[in-house]
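Here's the structure, in structure tokens; my notes come after.
Since every read-out is calculated from the coordinates, none of them should be taken as a lab result. The shown structure was predicted, so the numbers you read here are calculated from the model rather than taken from an experiment. Every residue, glycine as well, gets a Cβ built from its backbone with ideal geometry; the counts of neighbours run over all protein chains shown.
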Amino acid sequence: MSNIKNLDLQNIPRHVAFIMDGNGRWAKQKGQHRLFGHAAGVESVKSVIQTARELGISYLTLYAFSTENWARPNEEVEGLMQLLVEAIANEVDEMHANGVRLLTIGDIQGLPGNCRDSLRAAMSRTKDNTDLTLVLALNYSARQEILSAVVSAHELMKDNKMEINELNEDIFASLLQTKDIPDPELLIRTSGECRISNFLLWQLSYTELLFTDTHWPDFRRDAFIAALADFQKRERRFGLVSEQIQTTK
Ligand code: IPE
Ligand code: IPE
Ligand code: MG
């Protein structure tokens with residue numbers, strides 16, 4: 001099933017989001033330190049980006065660090081931040097050459113200075129690229145994102161730029177950090193856990209959810225193609241009945 005020939009190239013999602021989970025368990029199985037798993041996970045990120053480009057996917061969002069992850073042991077948090085800086089330094093040239101635009105969601109201000117600086121430089125360098133938008137969720141909390149949008153809506157009203165009865169889903173979505181990014185059609189979480197872990201709570205309202213037992217460091221091109229084949233078998237009904245979907249096809 002993991003052959004690209006089995007995919008309907010007319011039905012490739014525009015936006016795929018990933019909860020990259022299982023680096024720690026993957027490393028433990030190999031008798032290695034958790035950071036060894038995170039480093040291997042970077043290779044999966046590269047593979048997924050490459051596959052997305054090959055298939056013409058326009059947006060990838062990767063959950064790389066949640067606000068909850070700060071509570072992990074210091075050594076792991078520091079290692080993850082270091083890995084982020086190294087990955088950007090190693091990959092930004094190729095990303096740029098391949099037309100990848102880097103964006104972030106989450107509280108970037110709360111990251112260590114060197115991470116912030118390298119992210120900002122990479123974002124500004126790649127800002128005009130149009131082939132693939134790579135969104136890294138870093139120091140991200142969906143609840144926090146929604147609360148900030150509520151505060152922004154309140155400010156618009158206070159400044160007489162919006163009436164309360166004008167607030168609708170589109171305007172609210174435009175106050176989220178994901179403004180200008182279409183909602184994901186597909187969310188993939190690796191490593192067996194079936195939960196959302198405070199990721200994109202607004203944006204995932206009608207997303208297809210796919211949970212796979214594969215640990216993130218083992219999730220490469222074949223696994224991505226298999227996940228897309230699974231997605232393509234699903235009928236997205238958006239509240240309608242099946243017959244209505246069939247007639248619009
Ligand atoms: C995901 O892998 C990476 C991050 C959360 C940064 P984990 O580190 O959560 O791996 P497990 O879940 O402990 O195996
Ligand atoms: C979710 O993974 C966050 C990221 C992938 C960055 P976790 O491993 O932190 O999730 P929980 O805590 O097990 O739900
Ligand atoms: Mg985990």
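Across the stretch 20-66, what is the number of residues that are within 15 Å of ligand 2 (Cβ to nearest atom) and among the charged types (D, E, K, R)?
Total satisfying the criteria: 4.
Within the stretch 40-65, how many residues turn out to be crowded, with 20+ Cβ neighbours inside 10 Å, farther than 17 Å from P184 by Cβ and of a type in the set (G, A, S)?
2
Filter the stretch 92-143 down to residues that are crowded, with 16+ Cβ neighbours inside 10 Å, among the polar types (S, T, N, Q), in contact (Cβ under 8 Å) with a residue 40 or more places away in the chain and at negative phi, then give me how many there are.
Going through the stretch 92-143 one residue at a time, the tally reaches 2.
Just checking, how many residues over the stretch 55-69 are in a helix (DSSP H, G or I) and touching a residue at least 40 places away in the same chain (Cβ under 8 Å)?
Looking only at that region, the number is 3.
If the requirement is being within 16 Å of ligand 3 (Cβ to nearest atom) and acidic (D, E), which of these qualifies: D159, D183, D218?
D218
Which condition from (1) within 25 Å of L228 (Cβ to Cβ); (2) under 19 Å from the mean Cα position of the chain (by Cα); (3) crowded, with 19+ Cβ neighbours inside 10 Å is the one that L84 breaks?
Against the list (1) within 25 Å of L228 (Cβ to Cβ); (2) under 19 Å from the mean Cα position of the chain (by Cα); (3) crowded, with 19+ Cβ neighbours inside 10 Å, L84 comes up short only on (1).
Output the number of the condition that D21 fails; it satisfies all remaining conditions of (1) within 15 Å of ligand 1 (Cβ to nearest atom); (2) in contact with a Ser or Thr (Cβ under 6 Å, 6 or more places away or on another chain); (3) assigned to a helix (DSSP H, G or I).
Only one criterion in (1) within 15 Å of ligand 1 (Cβ to nearest atom); (2) in contact with a Ser or Thr (Cβ under 6 Å, 6 or more places away or on another chain); (3) assigned to a helix (DSSP H, G or I) is unmet by D21, namely (3).
Quick check on the stretch 120-136. Is at least one of its residues part of a loop (DSSP other than H, G, I, E, B) and small (G, A, S)?
no
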